[in-house]
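Here is the structure we will look at, set down as structure tokens.
The values are calculated or read from the model by the stated rules, or taken from the named source; none is laboratory data. On a predicted model such as this, the values are computed, not experimentally measured, just so you know. Cβ: placed from backbone, ideal geometry, glycine included. Neighbour counts: every protein chain shown. Remember, those area values only see protein heavy atoms, side chains included, never the ligands or the DNA or RNA. Shrake-Rupley method; radii C 1.70, N 1.55, O 1.52, S 1.80 Å.
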Amino acid sequence: MAITAAMVKELREKTGAGMMDCKKALTETGGDMNKAIEYLREKGIAKAEKKSDRIAAEGIVESYIHAGGRIGVLVEVNCETDFVAKNEDFRQFVKDVAMQIAAMSPKYVRREEIPQEEIEKEREILRQQALQEGKPANIVDKMVEGRLTKHFKEICLVDQAFVKDSDKTIDQVTKELIARIGENINIRRFVRFEMGEGLEKRQDNFVEEVMAQVKKD
């Protein structure tokens, strides 16, 4: 069954879940609205979205240093209460996020943080690439937007596939934790340092090394 924009909108209004989550729920349930609602509730996504506007001013700052001290990450993740900030699941989540940043080197937490001029510059680069590939003019814009979305998934932390479970994004993992602990959780900011960054040096595959560490943990 084809999933229409109207169906996605209706499910979003009923659950408060995000558009992509609603579309996935409808796809997974064959377009059955009631089953899609249940799907979102089981995943904790509907519940999580309703908590997203609540103030999260507590939390922790976590650090991750890759073996040998070649990559370092500091990340701040907020929750609503000091009680949850001490919760083991919450702390493990923050550690996982720090390791994610080390491994996948995102530039931003979420898409809304990307400067508009950077988006337009990337869009123009992708447009020129598509034209040089000889793609028909009438489909270039659609191709560009598709490739731009893929680019966002690479540079935005919450859109990245979770290194411990590639079937989920960081955003989905966050929402599942919100549903479990009953508080809003917000990945606020991070900094990532890589030894010798910007200096001429031999190329090491830090991603593979960090991923190997993930598997050990």
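Springs between alpha-carbon pairs under 10 angstrom, Gaussian network model over the chain: which of 133, 62, 28 fluctuates most?
133
Could you list which residues have their amide H under 5 Å from that of residue 162, counting only those 5 or more apart in sequence or on another chain, with H placed in the peptide plane?
Here 168, 169, 170 satisfy the definition.
Have a look at 190, 97, 163 and report the one farthest towards the positive end of the charge dipole of the chain, computed about the Cα centre with Cβ charges (Lys/Arg +1, Asp/Glu -1).
163
Pick from 199, 148, 74: which is most flexible by mean-square fluctuation in a GNM of the chain where alpha carbon atoms under 10 Å apart are linked?
199
For the range 59-217, with only Lys/Arg (+1) and Asp/Glu (-1) charged at the beta-carbon, what is the dipole magnitude about the Cα centre, in debye rounded to 20? All intermediate terms of the calculation are to be shown ahead of the outcome.
Details: 26 positive and 31 negative charges, 52 e Å.
Around 260 debye, computed over the range 59-217.
Using amide H atoms built in the peptide plane, which far-off residues or other-chain residues are under 5 Å from residue 188 H to H?
Placed amide hydrogens put 76, 77, 78 under 5 Å from residue 188.
Charges only on Cβ, +1 for Lys and Arg, -1 for Asp and Glu: so what's the dipole of the range 88-144 about the Cα centre, in debye to the nearest 20? Before the final figure, lay out each step's value.
Numbers: 10 positive and 12 negative charges, 31 e Å.
Dipole size: approximately 140 debye.
Give the share of C-alpha pairs in each 10 angstrom bin for the chain, from 0 to the last occupied bin, in whole percents, shortest bins first.
Histogramming the chain at 10 Å steps yields 8, 26, 32, 24, 9, 1 percent.
Report, in order of residue number, the helices in the chain meeting two criteria: a C-alpha extent of 27 Å or more along the helix axis, and a mean Kyte-Doolittle hydropathy of at least -0.5; treat each whole DSSP H run as one helix. Walk me through the numbers before you get to the answer.
Working: long enough: 137-155 (28 Å, -0.36).
Qualifying helices: 137-155.
Take residue 111, project a point 7 Å from its Cα along the Cβ direction, then tell me which residues of the range 15-39 have their backbone nitrogen under 17 Å from it.
In the range 15-39, the label zone of residue 111 (backbone N under 17 Å from the point 7 Å along Cα→Cβ) covers 17-25.
Taking 0.36 nm per residue of separation and subtracting the Cα-Cα distance, what length does fully extending residue 5 through residue 195 add?
Values: separation 190, 0.36 × 190 = 68.40 nm, distance 4.64 nm.
Value of the extension gain: 63.8 nm.
Can you tell me the dipole magnitude for the range 65-120 around its Cα centre, using point charges on the Cβ only (Lys, Arg +1; Asp, Glu -1), in Debye to the nearest 20? Numbers along the way, then the final one.
Values: 7 positive and 11 negative charges, 76 e Å.
The dipole of the range 65-120 has a size of about 360 debye.
Accessible area per residue of the chain at 1.4 Å probe, in Å²? Don't skip to the end; give the middle numbers.
Working: 12950 Å² over 217 residues.
In whole numbers, the chain has 60 Å² accessible per residue.
Give me the percent of the accessible area of the chain that comes from carbon and sulfur atoms, probe 1.4 Å, all protein chains in place. Could you put the intermediate results ahead of the total?
Numbers: 6410 of 12950 Å².
On the chain, the fraction of accessible area on carbon and sulfur atoms equals 49 percent.
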